[in-house]
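S.K.: This structure is in structure tokens; I'll ask about it shortly.
The values are calculated or read from the model by the stated rules, or taken from the named source; none is laboratory data. As the structure is a prediction and not an experimental result, all values here were calculated from the model. Note: ideal-geometry Cβ built from the backbone for every residue, glycine included; neighbour counts use all protein chains shown. Ligands, DNA and RNA are stripped out before the accessible areas are found, and what is left, the full protein with its side chains, is counted by its heavy atoms. Shrake-Rupley method; radii C 1.70, N 1.55, O 1.52, S 1.80 Å.
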Amino acid sequence: MVFNRFLFLLIFFLLSINISLAQVNSDSTAISKILQHLEDINISGQWFLGFQSNDINNKKSNEFLLKRGYITFEKKFSKNFIGRITQDISVDQEGDGEGDVELRLKYGYLRYYADDFFIFTKPFIEFGLVHRPWIDFEQKINRYRVQGSMFLDRNDILSSADYGITITSLLGGEVDADYKKKVNKDYPGKYGSLTIGIYNGGGYHAIEKNQNKLFEGRLSIRPLPEYLTGLQLSYTKVFGKGNIELSPNFNLDLGSLSYENEFITLLFSYMKGEGDQSGNLYLVNNKNVSTEGYTLFSEIKFEPLSSSLFARYDFFSHLFEEKRMIVGIAYHFLESNKIMIDYDINSFNGIDHPSEKSIELAIELRF
């Protein structure tokens, strides 16, 4: 009797092992297939970390902080189709969730690459949560997003991403490989580039609150591609409605002059318009508010020392005037990574608001 029980248990045990091995083999095949798909997915990240000391109306504070973080997954489905998802990581600054680390979608789109035709080189279309024309272009020239957002984004006029469709193309071929390697590989059209799109209008962080859409387009021209390759003239036009039920007008004209070479980068932009994308300027006094301003960015590069000096001045006028001055020094390592120290002072005219000063040590990490 005991032997029979032992024999039964032995047979049961051997069958269990056989079933488990078959399951492991099946799982291994499934895992192998998953890994094959993962090999085609490009994963990248970008992190802005810092230590900041602030002085607001003689009230001092300091803190370590996560300024921003991005994690991107990109999948190439075919020669012409790619998909991208970018998670935006930030710290909630207000409300019930103040201090919480937030995760939201910055980009989530399908991109289709079309064939070259006429003067249009490497044209593509993005559909979903996509890049918008101006700020994406500006950030490829002013590469100090780690310090803070760009001029129009910082003043809540435009956003860098939105729900909609974007069409982009280089113009007339590409600049030479030496320029792309030593100066700038982004938007390398020999005669410039073009981007246009239609969007919900509130930005990637807002939901649609009316039935109107926003048009934004940018045209950049290289007038002397053979002699002054880094010189570009740009014009950006935005028109539509602010993202509230009342749908106030939002119009913006922006002209820009930029120049880049191995040693310096210069960017000057002037804007004039009425309203903003969110509709907030309309709500202030129940009418459209005129806006005007400019920004000047400069960078001097010391390539042998892998370092650079940079400065930026912003002037923005709507119900009051706001002036911002930023100066800093950066050390660059492992291609696009940098460590920097900057001083930022912000002052206001026409409003009872204290000036804001800060000095920070910031690190931009990419992988």
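S.K.: I'd like to verify a number: residues in region 28-65 that are modelled with pLDDT of 90 or more, open to solvent by 80 Å² or more (accessible area, probe 1.4 Å) and of a type in the set (A, V, I, L, M), how many?
M.R.: The total comes to 1.
S.K.: I've got another one for you. When region 216-240 is examined, which residues are found to be open to solvent by 60 Å² or more (accessible area, probe 1.4 Å) and not in a loop (DSSP other than H, G, I, E, B)?
M.R.: Matches in region 216-240: LEU219, ILE221, LEU233, TYR235, PHE239.
S.K.: Sticking with this structure for a sec: Can you tell me which residue in region 241-255 is farthest from ARG143 (Cα to Cα), limited to those that are without any contact (Cβ under 8 Å) to a residue 40 or more places away in the chain and either in contact with a Ser or Thr (Cβ under 9 Å, 6 or more places away or on another chain) or open to solvent by less than 40 Å² (accessible area, probe 1.4 Å) (or both)?
M.R.: Filtering region 241-255 for residues that are without any contact (Cβ under 8 Å) to a residue 40 or more places away in the chain and either in contact with a Ser or Thr (Cβ under 9 Å, 6 or more places away or on another chain) or open to solvent by less than 40 Å² (accessible area, probe 1.4 Å) (or both), the one farthest from ARG143 (Cα to Cα) comes out as SER247.
S.K.: Scan region 272-295 and report the pairs whose first residue is in contact (Cβ under 8 Å) with a residue 60 or more places away in the chain and under 14 Å from GLU245 (Cα atoms) and whose second residue is of a type in the set (Asp, Glu) and crowded, with 22+ Cβ neighbours inside 10 Å, with Cβ atoms within less than 9 Å and a gap of 6+ or a chain change.
M.R.: GLN277/ASP162
S.K.: Considering only residues that are free of Cβ contacts under 8 Å to residues at least 60 places away in the same chain and crowded, with 18+ Cβ neighbours inside 10 Å, which ones fall in region 151-166?
M.R.: If the condition is that a residue be free of Cβ contacts under 8 Å to residues at least 60 places away in the same chain and crowded, with 18+ Cβ neighbours inside 10 Å, then ASP153, SER160, ALA161, ASP162, TYR163, GLY164, THR166 are the ones that fit.
S.K.: Among the numbered criteria (1) without any contact (Cβ under 8 Å) to a residue 40 or more places away in the chain; (2) more than 21 Å from ASP186 (Cβ to Cβ), which one does LYS67 miss?
M.R.: (1)
S.K.: In region 323-351, how many residues are at pLDDT 95 or above, among the small types (Gly, Ala, Ser) and either farther than 28 Å from PHE367 by Cα or in contact with a Pro (Cβ under 9 Å, 6 or more places away or on another chain) (or both)?
M.R.: Final tally of qualifying residues: 0.
S.K.: Given the options ILE82, ILE71, ILE89, name the one that is modelled with pLDDT under 90, touching a strand residue (DSSP E or B) at 6+ places or on another chain (Cβ under 6 Å) and part of a strand (DSSP E or B).
M.R.: ILE89
S.K.: Here's another thing I want to ask about it. If you scan region 117-138, which residues turn out to be among the aromatic types (Phe, Trp, Tyr) and touching a residue at least 12 places away in the same chain (Cβ under 8 Å)?
M.R.: Of everything in region 117-138, those that are among the aromatic types (Phe, Trp, Tyr) and touching a residue at least 12 places away in the same chain (Cβ under 8 Å) turn out to be PHE120, PHE124, PHE127, TRP134, PHE137.
S.K.: Still on this structure: Test GLY350 against the stated conditions and say whether it is free of Cβ contacts under 8 Å to residues at least 40 places away in the same chain and either open to solvent by less than 20 Å² (accessible area, probe 1.4 Å) or on the phi > 0 side of the Ramachandran plot (or both).
M.R.: Criteria met by GLY350.
S.K.: Further question: Please determine, by comparing only the residues of region 263-295 that are open to solvent by 80 Å² or more (accessible area, probe 1.4 Å) and outside any helix (DSSP H, G or I), which one is farthest from ARG218 (Cα to Cα).
M.R.: ASN286
S.K.: Can you tell which of LYS213, LYS209 is at pLDDT below 95, farther than 26 Å from GLY173 by Cα, out of contact with any strand residue (DSSP E or B) (no Cβ under 6 Å at 6 or more places or on another chain) and open to solvent by 60 Å² or more (accessible area, probe 1.4 Å)?
M.R.: LYS209 is the lone residue from the list that is at pLDDT below 95, farther than 26 Å from GLY173 by Cα, out of contact with any strand residue (DSSP E or B) (no Cβ under 6 Å at 6 or more places or on another chain) and open to solvent by 60 Å² or more (accessible area, probe 1.4 Å).
S.K.: Let me ask another. Any idea which of (1) closer than 27 Å to SER256 by Cα; (2) open to solvent by 70 Å² or more (accessible area, probe 1.4 Å); (3) in contact (Cβ under 8 Å) with a residue 24 or more places away in the chain is the one TYR112 doesn't satisfy?
M.R.: So the condition that TYR112 fails would be (1).
S.K.: I've got another one for you. For region 198-212, state whether one or more residues are of a type in the set (A, V, I, L, M, F, W, C) and assigned to a strand (DSSP E or B).
M.R.: Yes, that holds for at least one residue.
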